[in-house]
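To start, the structure under review is shown below, and the notes come after it.
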Amino acid sequence: MHLTFRPMTEADFPQAEAMKRATVLAATGDATLFDQWFTPERPLESHLKKLLAFDPASCVFAVLDNAIIGHIHLMIVEKGTCGYLNDIYLMAEHRGQSLGEQLHAYALTFFRKHGVSRALLRTNPHNPKLIAFYQRMGWTLGASSTHGLVWMERTLE
(Lines give C-alpha, C1' and ligand atoms only; values in the text may rest on other atoms or scores of the structure.)
Protein backbone atom coordinates (compact mmCIF):
# COMPACT_ATOMS: atom_id res chain seq x y z
CA MET A 1 0.00 0.00 0.00
CA HIS A 2 1.29 3.39 -0.95
CA LEU A 3 0.13 6.68 0.55
CA THR A 4 -0.22 9.93 -1.32
CA PHE A 5 -0.17 13.30 0.39
CA ARG A 6 -2.54 16.15 -0.29
CA PRO A 7 -2.05 19.66 1.08
CA MET A 8 -4.94 20.92 3.16
CA THR A 9 -7.10 23.79 2.00
CA GLU A 10 -9.36 26.09 4.01
CA ALA A 11 -12.29 23.89 2.96
CA ASP A 12 -10.55 21.03 4.79
CA PHE A 13 -10.27 22.85 8.13
CA PRO A 14 -13.31 21.16 9.76
CA GLN A 15 -11.88 17.72 8.93
CA ALA A 16 -8.40 18.86 9.98
CA GLU A 17 -9.80 19.99 13.32
CA ALA A 18 -11.52 16.64 13.90
CA MET A 19 -8.27 14.81 13.09
CA LYS A 20 -6.21 17.13 15.33
CA ARG A 21 -8.61 16.39 18.20
CA ALA A 22 -8.18 12.65 17.47
CA THR A 23 -4.40 13.14 17.48
CA VAL A 24 -4.48 14.74 20.93
CA LEU A 25 -6.81 12.02 22.17
CA ALA A 26 -4.50 9.28 20.83
CA ALA A 27 -1.41 10.94 22.28
CA THR A 28 -2.72 11.84 25.74
CA GLY A 29 -5.81 9.73 26.39
CA ASP A 30 -8.28 12.63 26.30
CA ALA A 31 -8.88 15.79 24.28
CA THR A 32 -8.53 18.28 27.17
CA LEU A 33 -5.27 19.67 25.79
CA PHE A 34 -6.91 20.35 22.44
CA ASP A 35 -9.47 22.55 24.17
CA GLN A 36 -6.72 24.32 26.12
CA TRP A 37 -4.52 24.91 23.07
CA PHE A 38 -7.26 25.94 20.64
CA THR A 39 -9.92 28.38 21.77
CA PRO A 40 -12.30 30.74 19.97
CA GLU A 41 -9.69 33.46 20.51
CA ARG A 42 -6.89 31.21 19.20
CA PRO A 43 -8.49 28.73 16.79
CA LEU A 44 -6.68 25.86 15.11
CA GLU A 45 -7.63 27.46 11.80
CA SER A 46 -5.24 30.38 12.47
CA HIS A 47 -2.41 27.98 13.21
CA LEU A 48 -3.06 25.98 10.03
CA LYS A 49 -3.21 29.15 7.92
CA LYS A 50 0.24 30.20 9.19
CA LEU A 51 1.74 26.81 8.41
CA LEU A 52 0.16 26.68 4.95
CA ALA A 53 1.34 30.21 4.16
CA PHE A 54 4.91 29.14 4.97
CA ASP A 55 4.71 26.00 2.82
CA PRO A 56 1.56 24.19 1.65
CA ALA A 57 3.44 20.92 2.15
CA SER A 58 3.56 21.57 5.92
CA CYS A 59 -0.08 20.49 6.49
CA VAL A 60 -1.15 17.48 4.50
CA PHE A 61 -3.61 14.65 4.59
CA ALA A 62 -2.38 11.10 4.05
CA VAL A 63 -4.57 9.48 1.41
CA LEU A 64 -5.02 5.78 0.64
CA ASP A 65 -7.39 4.63 -2.11
CA ASN A 66 -8.93 8.14 -2.27
CA ALA A 67 -9.71 8.13 1.46
CA ILE A 68 -8.05 10.39 4.03
CA ILE A 69 -6.54 8.14 6.69
CA GLY A 70 -4.13 10.47 8.47
CA HIS A 71 -2.42 13.82 8.57
CA ILE A 72 0.86 15.60 9.26
CA HIS A 73 1.52 19.15 10.53
CA LEU A 74 5.15 20.28 10.33
CA MET A 75 6.91 23.46 11.43
CA ILE A 76 10.34 24.97 11.05
CA VAL A 77 11.16 26.43 14.46
CA GLU A 78 14.75 27.50 13.79
CA LYS A 79 15.37 28.23 10.12
CA GLY A 80 17.95 25.84 8.71
CA THR A 81 18.40 24.16 12.06
CA CYS A 82 15.36 22.68 13.75
CA GLY A 83 12.01 21.30 12.64
CA TYR A 84 9.06 20.35 14.78
CA LEU A 85 6.81 17.41 14.01
CA ASN A 86 3.69 19.03 15.42
CA ASP A 87 1.35 16.22 14.40
CA ILE A 88 1.59 12.87 12.77
CA TYR A 89 -1.56 10.80 12.91
CA LEU A 90 -2.80 7.63 11.31
CA MET A 91 -6.30 6.29 11.95
CA ALA A 92 -6.19 3.25 14.22
CA GLU A 93 -7.50 0.81 11.62
CA HIS A 94 -4.55 1.64 9.35
CA ARG A 95 -1.79 1.20 11.92
CA GLY A 96 0.58 -1.76 11.81
CA GLN A 97 0.71 -1.82 8.01
CA SER A 98 3.93 0.19 7.47
CA LEU A 99 1.89 3.30 6.64
CA GLY A 100 3.24 5.16 9.67
CA GLU A 101 6.70 4.78 8.20
CA GLN A 102 5.47 6.51 5.04
CA LEU A 103 4.11 9.45 7.06
CA HIS A 104 7.40 9.63 8.91
CA ALA A 105 9.39 9.56 5.66
CA TYR A 106 7.26 12.44 4.36
CA ALA A 107 8.13 14.48 7.46
CA LEU A 108 11.87 13.83 7.09
CA THR A 109 11.76 14.77 3.40
CA PHE A 110 10.00 18.04 4.30
CA PHE A 111 12.61 18.85 6.95
CA ARG A 112 15.50 18.08 4.62
CA LYS A 113 13.93 20.29 1.93
CA HIS A 114 14.10 23.14 4.44
CA GLY A 115 17.70 22.39 5.46
CA VAL A 116 16.81 21.15 8.93
CA SER A 117 19.52 19.21 10.75
CA ARG A 118 17.46 18.07 13.73
CA ALA A 119 13.79 17.59 14.52
CA LEU A 120 11.73 17.57 17.69
CA LEU A 121 8.36 16.20 18.69
CA ARG A 122 6.38 15.77 21.89
CA THR A 123 4.47 12.63 22.76
CA ASN A 124 2.91 10.72 25.62
CA PRO A 125 5.57 8.89 27.65
CA HIS A 126 2.92 6.37 28.75
CA ASN A 127 2.22 5.12 25.21
CA PRO A 128 4.86 2.39 24.75
CA LYS A 129 3.79 1.50 21.19
CA LEU A 130 4.17 5.09 20.04
CA ILE A 131 7.51 5.54 21.82
CA ALA A 132 8.76 2.27 20.28
CA PHE A 133 7.64 3.44 16.81
CA TYR A 134 9.55 6.71 17.12
CA GLN A 135 12.63 4.93 18.49
CA ARG A 136 12.58 2.53 15.51
CA MET A 137 12.48 5.63 13.31
CA GLY A 138 15.66 6.97 14.96
CA TRP A 139 14.22 9.31 17.61
CA THR A 140 15.67 9.46 21.11
CA LEU A 141 13.69 10.07 24.26
CA GLY A 142 14.40 13.36 25.98
CA ALA A 143 13.26 15.44 28.91
CA SER A 144 9.75 15.88 30.17
CA SER A 145 7.72 18.61 28.55
CA THR A 146 4.62 20.43 29.66
CA HIS A 147 1.21 18.77 29.91
CA GLY A 148 2.70 15.39 30.88
CA LEU A 149 4.33 14.93 27.49
CA VAL A 150 7.95 14.09 26.73
CA TRP A 151 10.32 15.49 24.10
CA MET A 152 11.89 13.28 21.46
CA GLU A 153 14.67 14.36 19.11
CA ARG A 154 16.12 13.08 15.88
CA THR A 155 19.18 14.16 13.93
CA LEU A 156 18.74 14.31 10.18
CA GLU A 157 21.47 13.07 7.89
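The values are calculated or read from the model by the stated rules, or taken from the named source; none is laboratory data. The shown structure was predicted, so the numbers you read here are calculated from the model rather than taken from an experiment. Here Cβ is always computed from backbone atoms with ideal geometry, including for glycine, and neighbour counts include all displayed protein chains.
Scan region 62-92 residue by residue and report those that are out of contact with any helix residue (DSSP H, G or I) (no Cβ under 7 Å at 6 or more places or on another chain), within 25 Å of L33 (Cα to Cα) and of a type outside the set (A, V, I, L, M). Within region 62-92, E78, C82, Y84, N86 qualify. Could we say that P56 is within 24 Å of V116 (Cα to Cα), in contact with a helix residue (DSSP H, G or I) (Cβ under 6 Å, 6 or more places away or on another chain) and surrounded by fewer than 17 Cβ atoms within 10 Å (Cβ to Cβ) here? The answer is no for P56.
Exactly one residue out of L130, L48, L120, L108 is among the aliphatic types (A, V, I, L, M) and under 21 Å from D12 (Cβ atoms), and it is L48. Cβ separations smaller than 6 Å between residues 6+ apart or across chains give the following pairs from region 133-157 residues that are acidic (D, E) to residues that are surrounded by 13 or more Cβ atoms within 10 Å (Cβ to Cβ): E153/L120; E153/G142. Looking across region 107-132, just one residue is more than 19 Å from T81 (Cα to Cα) and surrounded by 19 or more Cβ atoms within 10 Å (Cβ to Cβ), and that is T123. Restricting attention to region 6-59, the residues that are over 12 Å from H73 (Cβ atoms) and outside any helix (DSSP H, G or I) add up to 11. Scanning region 10-33 for residues that are more than 18 Å from L90 (Cβ to Cβ) and either in contact (Cβ under 8 Å) with a residue 12 or more places away in the chain or surrounded by 15 or more Cβ atoms within 10 Å (Cβ to Cβ) (or both) gives E10, F13, L33.
The rows are residues; the columns are (1) assigned to a loop (DSSP other than H, G, I, E, B); (2) among the aliphatic types (A, V, I, L, M); (3) closer than 18 Å to L3 by Cβ.
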| site | (1), (2), (3) |
| --- | --- |
| F61 | no, no, yes |
| L74 | no, yes, yes |
| Y89 | no, no, yes |
| E101 | no, no, yes |
| H104 | no, no, yes |
| L108 | no, yes, yes |
| V116 | yes, yes, no |
| R122 | no, no, no |
| P125 | yes, no, no |
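Screening the candidates S144, S117 for the property of being of a type in the set (G, A, S) and farther than 21 Å from A57 by Cβ yields one hit, S144.
Here is the figure for region 70-92: residues that are of a type in the set (V, I, T) and within 20 Å of T28 (Cα to Cα) total 2.
Report whether or not A31 is modelled with pLDDT under 95, out of contact with any helix residue (DSSP H, G or I) (no Cβ under 9 Å at 6 or more places or on another chain) and of a type in the set (G, A, S).
no
May I ask you to list the residues in region 138-148 that are surrounded by fewer than 17 Cβ atoms within 10 Å (Cβ to Cβ), of a type outside the set (V, I, T) and not in a strand (DSSP E or B)? Listed by number, the residues that qualify are G138, S145, H147, G148.
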